Amino acid sequence: SAGPREAWGAQAADVARGLDGRPLCRRWLGEAVGGGELLRYDAPEEGAFRGMMSNGCRLDLVWGEGGGEGEGAGDSNGAEGGDGRVRPRSAFYKRVVMGELDAARDKAREQPAKLARDARSFGVEAGFLASAACAQLLAAGVHAPRAYRVEMRPDEASPIDSAFSMLLSDFSPEAGWTQVGLLDAGQARRSLAALARLHAFFWEGGAFSTSGGEAAAELEAAVWPAGMYTQPSMQPAAQFDRLAAKYTEHSERLGPRFHAAEELAGVDSERLQTLGQRLQRVARDAAAESHPFDDVAAGAGGAGGNAARRFRT
């Protein structure tokens, strides 16, 4: 139904659906984000995206008598109701139904190991955003999405049947947030400072790590041991074994523009042609050396040691 912008416009009805395929329930949405009477919500097409591995949309919210129109206390995207509670004017909904995504279906056929890894990564994301640790991060002044509701339906036996949804607080334009593709120097500095604050919150010896307890145990159970999946043990064998062939494919696809690039002036042409082969010879050892926390890779790294330094770019 129509939202606060007082214009129907195009709606992202295909995204604003539950994992069962039905439109999001107004009552469920109201209880999840504010606990008041939600009169209606809008899912404007302009606030939606459809990506390779997930879809999402902004939900504009219109509250009943329990939610006023004034600025919310302590929440620039909120409205304070008659009961004193701040309810958001908008929320962001992210929906991942693997079987509905073309890229996921392609991976199921061609790279099933990567699809299984992707399904686990969505579980990590959802688990972190819904954790008590993330709530403490927000309380410490680090801007991160607040998870109102998270639903996880992982299927390890059949990853293509996995599904996840996250109803999150919204970094909306009305609250002063914008999305940019390329950062200027000032934006880059502020972004790095925000990332530093996020990581510092979890440093060993900090308040969170020393307090321990259920929040720390929940976080450790929810996230990757390494915080990501670039480590060798989470890569398919082809990631290393086909480097030379992939390099040749890219080189041929780029054609003369690549070989005549100004940045490559003075580079020996033979070394340039054999770059993929030389990279493939040391890739496994270099990956193991640069990911010392990856026990599987460390045990199978073979030469390890100075392998990475044998290759000069």
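The values are calculated or read from the model by the stated rules, or taken from the named source; none is laboratory data. Bear in mind that the values here come from a model prediction, so they are computed numbers and not experimental data. We place every Cβ from the backbone using ideal geometry, glycine too, and count neighbours over all the protein chains shown. Each accessible area value is taken on the protein alone, full model and side chains, heavy atoms only, with ligands, DNA and RNA left out. Shrake-Rupley method; radii C 1.70, N 1.55, O 1.52, S 1.80 Å.
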Quiz prompt | Odd one out for Y148 among (1) closer than 26 Å to H199 by Cα; (2) open to solvent by 40 Å² or more (accessible area, probe 1.4 Å) | solution = (2)
Practice problem: Name every residue in region 164-212 that is under 30 Å from E100 (Cα atoms), among the aliphatic types (A, V, I, L, M) and not in a loop (DSSP other than H, G, I, E, B), in order of residue number. | Solution: M166, L167, L168
Quiz item: Could you count how many residues in region 247-273 are within 25 Å of T230 (Cβ to Cβ) and either in contact (Cβ under 8 Å) with a residue 40 or more places away in the chain or surrounded by fewer than 16 Cβ atoms within 10 Å (Cβ to Cβ) (or both)?
Solution: 6
Exercise. Return a yes/no flag: does region 197-209 have any residue that is open to solvent by less than 40 Å² (accessible area, probe 1.4 Å) and among the aliphatic types (A, V, I, L, M).
Key: yes
Quiz item: Given the conditions (1) part of a loop (DSSP other than H, G, I, E, B); (2) modelled with pLDDT of 90 or more; (3) of a type outside the set (D, E), which single one is not true for A303?
Solution: (2)
Practice problem: Run down V86, V96, V142, V124 and say which single residue is open to solvent by less than 30 Å² (accessible area, probe 1.4 Å), farther than 29 Å from M234 by Cα, touching a residue at least 12 places away in the same chain (Cβ under 8 Å) and not aromatic (F, W, Y). | Solution: V142
Quiz item: Looking at (1) within 19 Å of S131 (Cβ to Cβ); (2) free of Cβ contacts under 8 Å to residues at least 12 places away in the same chain, which is the only condition F202 fails?
Solution: (2)
Quiz item: If you take the residues in region 1-51 that are part of a loop (DSSP other than H, G, I, E, B) and acidic (D, E), which one is modelled with the lowest pLDDT?
Solution: E6
Quiz item: Of all residues in region 224-237, which are without any contact (Cβ under 8 Å) to a residue 12 or more places away in the chain and either surrounded by 14 or more Cβ atoms within 10 Å (Cβ to Cβ) or over 18 Å from V142 (Cβ atoms) (or both)?
Solution: M228, A237
Quiz item: Looking at A215, A221, which one is exposed (fewer than 14 other Cβ atoms within 10 Å of the Cβ), among the hydrophobic types (A, V, I, L, M, F, W, C) and assigned to a helix (DSSP H, G or I)?
Solution: A221
